Amino acid sequence: MFKNYLKVAFRSLIKNRVYALINILGLALGLAVTMLVFLFVKDETSYDKHWNGYERVYRTGLKADMMGQKMDAPISPNPMANALRTEFTDVEAATRMQAGRQEILMRHEETKVYIPKMARVDSSFFQVFDYEFVHGDPNTALKEDNAIVLTEETARKLFGDKNAMDGIVNYDNRRDLIVRGIVKQPKGHSHFEFDMFLAQNGVQNIWISNNFYTYFRLKEGVELADFEEKMKDNFMKKIEPDVERFLKITVEEFFAQDNSFEYQLQPLTDIHLHSHKDWEIQQNGNIIYVYVFIGIALLVILIAGINFMNLSTARSGKRAKEVGVRKVVGASRPMLVTQFLTESVIQAFLALIVAYGLVYLFLPGFNKVMDTNLEFVNGHIGQTIGFSLLVTLFYGLFSGSYPALFLSGFRPVSVLKGDYTKTKSGASFRKGLVVIQFIASTILIIGVIIIYMQISFLQSKDVGFKGENVIIVPLQTDQMTQNFRNYNDIFLNNSKVLNVSRASYFPGDTPNQNMYVLEGSEEQLPLWNLEVDYEFFKTVGVELVEGRLFDREMEADSVPYFILNQTAIENLNIENPIGRRLGTYINQDGDLAFGNIIGIVKDFHIEGFNQNVRPMVLSVSNNVWFAAFRIADHDKNATIEFIEKEWNKLEPSHPFRYQFLDEKFGALLKQQENFGRMFLFLTILAIIISSMGLYGLASYTAEQRTKEIGIRKVLGASVGQIMNMLTKDFVKLVLIANVFAWPISFLIAKDWLTNFSYQIDVPILPFILATIASVVIAVVTVSSQAYQAANSDPVDALKYE
Amino acid sequence: MIKLEKLTKVYRTDEIESTALNQVSFEIREGEFVSVMGPSGCGKSTLLNVLGLLDRPESGSYLFQGVEVAKFNEKERASLRKQNIGFVFQNFNLIDELTVFENIELPLIYNKIAPGERKKRVSELIEKIGITSRASHYPQQLSGGQQQRVAVARALITRPPLILADEPTGNLDSKNGNEVMELLVELNKDGTTIVMVTHSAHDASYSSRTINLMDGHIVSGKRNEKPELQV
């Protein structure tokens, strides 16, 4: 019997090629999207799951509210890992790490290479993160202070085909290190990615300064909550002496002043998708994208499934006779249901084959747009195939269920008489499905427009500085840091170099925070500090609001001067700030050096737009790591070449590198831009699938109304009137869908926008545009069919019956 | 074989109620060839549908081989139907996606006959009705007469004791029509009971008895002369 089902299924597919093509292509697109989303979600949720005992690994963090300044960061004090390791029997292994923010120049003999990602770790690092060692011993590799562990790739870059083990590498022209281990790149993703690991084992017993990432693994069977309590008690006691020393108040007084300070634990596997704190090691993924893409996949499946249901039931007239005959010769209803489900499942599996091809086709583009590295054939190929088979089966059963039940319910007496074309029951159901389909498409259209409006709002937002034509060059050596201020004129000799400046970091970098005290007040003020030179404001285009800028002529070298940004003034509620004195800690004994606040500058962004501007304090310092050049708009390449030439004369050891400031800052928006592009792509796919369904349905409707159209034409209806008649119904459905889609989209959009610190109000424009777009799509799709029907010869139409 | 007693069938639409069969009683013995005649709308097709268990009567009794089937549910009716009744329709009702062979085979599949046995029975029957060369053709590739012979063969394949034919020659020219009628007569000779609805007195003359139906009532029933065979 099954063979018979298959036979009929294939023959009916071939006979109804157009419908079959619409069904299969629609399903295939739907399945392809589902698989892409599956690969993406699988990849995003796989972070840090390859480490041994990953379920028991935690990162410590800090949540504090001091003087109204909130802080939530994954950082911890220098001695914490050591304390975890030595004072807690529940801890199996603990380590701490500092992540390098910059490329480092590494040298082996004559080979000089910038290595992008460096970590300073203690010798227990590889006990928590079990990198696979090709050479060396994970337990001892980093015991010596001059030890370094390289990844295989880094070793190859520096040593070529030679064995790097126990070889000497030079670190940043500063010191020589001995390679004590070579590790493989981990098999899975992690929330960090390093090319080399420098030993850093010394412990300083300062608990109030937080400059390390600390990770530890609990022993099996340890209750997290119990441990957390013990840990907090222990660490709060450790911090007490430091609080008293630096803040000159007791811990009790500290908490009595509405301050809070708490160590927190983060499960390792939560970091990639759920952690968006200050000072993350690198930009993490976002669980929202995972949800959004799952949502889109569901919508696309729904749309394609509806196509299938609609076309099958619409064509039911053609199958009705068959149903009648089969019933008369002895088919029971379950047999017919099985037959039709078999057909839809077969179509779904044909679609799956096409879908595999589509995934193969789309994957490179997807990877490029989403900045991912997904592969179809990877470690989870079995899961991927299994998932796709399951989804396909479900798809076939789900989308075949309604047609199966609908068709098998035909009464043989009426269908064999030829009454089936008059059955109206399916029509309103089909209309309902079209409405649902267009609700889904319209939500996506509105969504995509709002996403693009938000992104372009962020792109055009006043960042508070002028990043065009400014290039940033890292000062790699102490020599350059100390002496660069004397070199300005060398560059300014070229008239196309407009300004030269230096700062401890620039927009697009990670800022630093420090404690300050306002004279006459006991309050500790955690402010974000930026060290600059006198030319900074001119070079970068930061505007003065009140007071004055730093001025070499007016300021003594021995005293600090401070400029605050507007947010600092607002947040700290400082009245008449100009002329007041601010103190900064100059040593570990809590001694302060005071200086005048001389000016207020307009807010400017350092971090991306999901972060509000921080309260900042700027001061002049020689302790800076970047130079900036503002150059003329024309002949930029020649100017940069000039700078490079002069630079290399001053600093031959480090090859010259630069980045445009606007591009550097713009990179912070990349994740949102990728997301927007992907959303756009998926929306277009969804619209294509919807249109295909609508096209099929329209052609069916036109076919069904052939006789009516013929009669109307004989009675004098024009082509336009007929087209209007056929199109009107569909437009009505699309408009109804819009009525539903508007409020749903509004709520989703409103919710999504709360993720941004700077957001647009949900505008009306996307809703109007989406309505216009959906109507246009419907009219264009339907009218080609309607035009054909309206132009047909009425004689043929009437003979047809 | 069939005994109807005061059988009534009413059709209801939203507003109108029409009585298609009104207290009809008659009996058909095994081996009979009965024609049902009457003007359009007299209830001929309804009668055939009720006899074929495609439709349920409102009231009255329907004994099929001595079993009361009027109150059978869908499943019981389907089961009785596929084992005991073959149908032949005016418009053939062959499945376009299946070949001649497969169309005839279909009832055997639903009766769960083994493939080997199916093949044997279908081949024999195809030979008998003289369309062996067309076995792998699709219905659209056959003439009307050939299609109807295939339809008759499909009705016969399960060897049902009863064949119900609804104007089997209605869509055929007289030559093809006669061929189909002769096929039915031959079947009848072999012992199959046949009930045939027809408009044509010529066709009715092939049968052994004619029931005349008017507005849901039987108005007369007469035994026919031995049919004259015309070629």
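Could you go through region A:313-333 and let me know if any residue there is away from every other protein chain (no Cβ under 14 Å), open to solvent by 10 Å² or more (accessible area, probe 1.4 Å) and not in a helix (DSSP H, G or I).
no
Mind checking which residues of region B:83-109 are in a loop (DSSP other than H, G, I, E, B) and at the interface with chain A (Cβ under 9 Å from one of its Cβ atoms)? It would help to see each step written out before you state the result.
At the first step, the residues of region B:83-109 found to be in a loop (DSSP other than H, G, I, E, B) are B:89-99.
Listed by number, the residues that qualify are B:89, B:91, B:93, B:94, B:95, B:96, B:97, B:98.
If we scan region B:117-126, do we find a residue that is open to solvent by 60 Å² or more (accessible area, probe 1.4 Å), part of a helix (DSSP H, G or I) and within 14 Å of chain A (Cβ to nearest Cβ)?
The first filter runs over region B:117-126 and keeps only residues open to solvent by 60 Å² or more (accessible area, probe 1.4 Å), leaving B:117, B:119-120, B:124.
Now narrow it down to the ones that are part of a helix (DSSP H, G or I): B:117, B:119-120, B:124.
Those still in the list that are within 14 Å of chain A (Cβ to nearest Cβ) too: B:119.
Checking region B:117-126: at least one residue is open to solvent by 60 Å² or more (accessible area, probe 1.4 Å), part of a helix (DSSP H, G or I) and within 14 Å of chain A (Cβ to nearest Cβ).
Taking residue B:75, is it over 19 Å from the mean Cα position of the chain (by Cα) and within 10 Å of chain A (Cβ to nearest Cβ)?
Details: over 19 Å from the mean Cα position of the chain (by Cα): yes; within 10 Å of chain A (Cβ to nearest Cβ): yes.
It is true that residue B:75 is over 19 Å from the mean Cα position of the chain (by Cα) and within 10 Å of chain A (Cβ to nearest Cβ).
For (1) buried (at least 16 other Cβ atoms within 10 Å of the Cβ); (2) in contact (Cβ under 8 Å) with a residue 60 or more places away in the chain, each residue gets a yes or a no:
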position: B:15; (1), (2): no, no
position: B:20; (1), (2): yes, yes
position: B:39; (1), (2): no, yes
position: B:59; (1), (2): no, no
position: B:62; (1), (2): yes, yes
position: B:68; (1), (2): no, no
position: B:80; (1), (2): yes, no
position: B:87; (1), (2): yes, yes
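So which residues in region B:22-37 are of a type in the set (A, V, I, L, M) and open to solvent by less than 10 Å² (accessible area, probe 1.4 Å), if there are any at all?
Answer for region B:22-37, where residues must be of a type in the set (A, V, I, L, M) and open to solvent by less than 10 Å² (accessible area, probe 1.4 Å): B:24, B:28, B:34, B:36.
Please work out which one of (1) loosely packed, with under 15 Cβ neighbours inside 10 Å; (2) at pLDDT below 90 is the condition residue B:91 fails and give its number.
The failed condition is (1).
State all residues of region A:583-632 that are open to solvent by 20 Å² or more (accessible area, probe 1.4 Å), in contact (Cβ under 8 Å) with a residue 12 or more places away in the chain, in a loop (DSSP other than H, G, I, E, B) and farther than 30 Å from residue A:454 by Cβ; if no residue qualifies, say none.
Across region A:583-632, the qualifying residues are A:588, A:589, A:621, A:622, A:623, A:625.
Would you confirm, using the coordinates I've provided, whether residue A:350 is closer than 30 Å to residue A:378 by Cα, open to solvent by 30 Å² or more (accessible area, probe 1.4 Å), touching a helix residue (DSSP H, G or I) at 6+ places or on another chain (Cβ under 7 Å) and in contact (Cβ under 8 Å) with a residue 40 or more places away in the chain? If you could, list the steps in order and put the result at the bottom.
Values: closer than 30 Å to residue A:378 by Cα: yes; open to solvent by 30 Å² or more (accessible area, probe 1.4 Å): yes; touching a helix residue (DSSP H, G or I) at 6+ places or on another chain (Cβ under 7 Å): yes; in contact (Cβ under 8 Å) with a residue 40 or more places away in the chain: yes.
Yes, satisfied.
Quickly run through region A:173-190 and pick out the residues that are open to solvent by less than 10 Å² (accessible area, probe 1.4 Å) and under 28 Å from residue A:475 (Cα atoms).
A:177, A:179
For region B:169-200, which positions are in a loop (DSSP other than H, G, I, E, B) and within 14 Å of chain A (Cβ to nearest Cβ)? Walk me through how you get there before you give the answer.
Looking only at region B:169-200, we keep the residues that are in a loop (DSSP other than H, G, I, E, B), and these are B:169-173, B:190-192, B:198-200.
Hits for region B:169-200 are B:170, B:171.
Could you list all residues from region A:475-484 that are out of contact with any Ser or Thr (no Cβ under 8 Å at 6 or more places or on another chain) and crowded, with 17+ Cβ neighbours inside 10 Å?
If the condition is that a residue be out of contact with any Ser or Thr (no Cβ under 8 Å at 6 or more places or on another chain) and crowded, with 17+ Cβ neighbours inside 10 Å, then A:480, A:481, A:484 are the ones that fit.
Among the residues that make up region A:355-367, is at least one of them in contact (Cβ under 8 Å) with a residue 60 or more places away in the chain and of a type in the set (S, T, N, Q)?
Taking every residue of region A:355-367 in turn, none turns out to be in contact (Cβ under 8 Å) with a residue 60 or more places away in the chain and of a type in the set (S, T, N, Q).
Within region A:488-516, how many residues are modelled with pLDDT under 90, in a loop (DSSP other than H, G, I, E, B) and surrounded by fewer than 17 Cβ atoms within 10 Å (Cβ to Cβ)?
So the count comes out to 1.
Of the numbered conditions (1) surrounded by fewer than 18 Cβ atoms within 10 Å (Cβ to Cβ); (2) farther than 22 Å from residue B:53 by Cα, residue B:214 satisfies every one except a single condition; which is it?
(2)
Conditions: (1) away from chain A (no Cβ under 14 Å); (2) within 30 Å of residue B:205 (Cβ to Cβ); (3) free of Cβ contacts under 8 Å to residues at least 24 places away in the same chain; (4) not hydroxyl-bearing (Ser, Thr, Tyr). Residue B:49 meets all but one. Number of the miss?
Failing condition for residue B:49: (1).
Looking at (1) open to solvent by 20 Å² or more (accessible area, probe 1.4 Å); (2) part of a helix (DSSP H, G or I); (3) more than 14 Å from every other protein chain (Cβ to nearest Cβ); (4) of a type in the set (Val, Ile, Thr), can you tell me which one residue A:372 breaks?
If we test residue A:372 against (1) open to solvent by 20 Å² or more (accessible area, probe 1.4 Å); (2) part of a helix (DSSP H, G or I); (3) more than 14 Å from every other protein chain (Cβ to nearest Cβ); (4) of a type in the set (Val, Ile, Thr), just (2) comes out false.
Considering only residues of region B:1-13 that are open to solvent by 60 Å² or more (accessible area, probe 1.4 Å) and in a strand (DSSP E or B), which is modelled with the lowest pLDDT? If you could, list the steps in order and put the result at the bottom.
Within region B:1-13, the subset open to solvent by 60 Å² or more (accessible area, probe 1.4 Å) is B:3, B:5-6, B:11-13.
Narrowing the set further to residues that are in a strand (DSSP E or B) leaves B:3, B:5-6, B:11-12.
Values: B:3: 92, B:5: 90, B:6: 90, B:11: 79, B:12: 75.
Here the residue is B:12.
Of the conditions (1) farther than 14 Å from residue A:402 by Cα; (2) within 42 Å of the chain's Cα centre (by Cα), residue A:343 fails just one. Which one is it?
The single condition residue A:343 does not satisfy is (1).
Do we find that residue A:27 is buried (at least 22 other Cβ atoms within 10 Å of the Cβ), touching a strand residue (DSSP E or B) at 6+ places or on another chain (Cβ under 8 Å) and in a helix (DSSP H, G or I) in this structure?
It is false that residue A:27 is buried (at least 22 other Cβ atoms within 10 Å of the Cβ), touching a strand residue (DSSP E or B) at 6+ places or on another chain (Cβ under 8 Å) and in a helix (DSSP H, G or I).
Yes or no, residue by residue, for (1) open to solvent by 30 Å² or more (accessible area, probe 1.4 Å); (2) out of contact with any strand residue (DSSP E or B) (no Cβ under 8 Å at 6 or more places or on another chain); (3) under 24 Å from residue A:262 (Cβ atoms):
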| position | (1), (2), (3) |
| --- | --- |
| A:3 | yes, yes, no |
| A:11 | yes, yes, no |
| A:31 | no, yes, no |
| A:44 | no, yes, no |
| A:49 | yes, yes, no |
| A:57 | no, no, yes |
| A:60 | no, no, yes |
| A:65 | yes, no, yes |
| A:78 | no, no, yes |
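Only one residue in A:306, A:301 is open to solvent by 20 Å² or more (accessible area, probe 1.4 Å) and either touching a residue at least 24 places away in the same chain (Cβ under 8 Å) or assigned to a helix (DSSP H, G or I) (or both). Which one?
Unique residue meeting the criteria: A:301.
For the condition among the polar types (S, T, N, Q), away from chain B (no Cβ under 14 Å) and in contact with a helix residue (DSSP H, G or I) (Cβ under 8 Å, 6 or more places away or on another chain), what is the one hit in A:339, A:383? Lay out the reasoning, then the answer.
Details: A:339 fails: away from chain B (no Cβ under 14 Å).
None of the other options fit; the residue is A:383.
Is at least one residue of region A:532-545 acidic (Asp, Glu) and open to solvent by less than 20 Å² (accessible area, probe 1.4 Å)? Explain how you work it out, then say what you get.
Taking region A:532-545 as the starting set, the residues that turn out to be acidic (Asp, Glu) are A:533, A:535, A:543.
When the remaining residues are screened for being open to solvent by less than 20 Å² (accessible area, probe 1.4 Å), the result is A:533.
Yes: one or more hits.
The values are calculated or read from the model by the stated rules, or taken from the named source; none is laboratory data. Just so we're clear, the structure is a prediction, and the values are computed from it rather than from any experiment. We place every Cβ from the backbone using ideal geometry, glycine too, and count neighbours over all the protein chains shown. Surface areas here come from the heavy atoms of the whole protein model, side chains and all, with no ligands, DNA or RNA. Shrake-Rupley method; radii C 1.70, N 1.55, O 1.52, S 1.80 Å.
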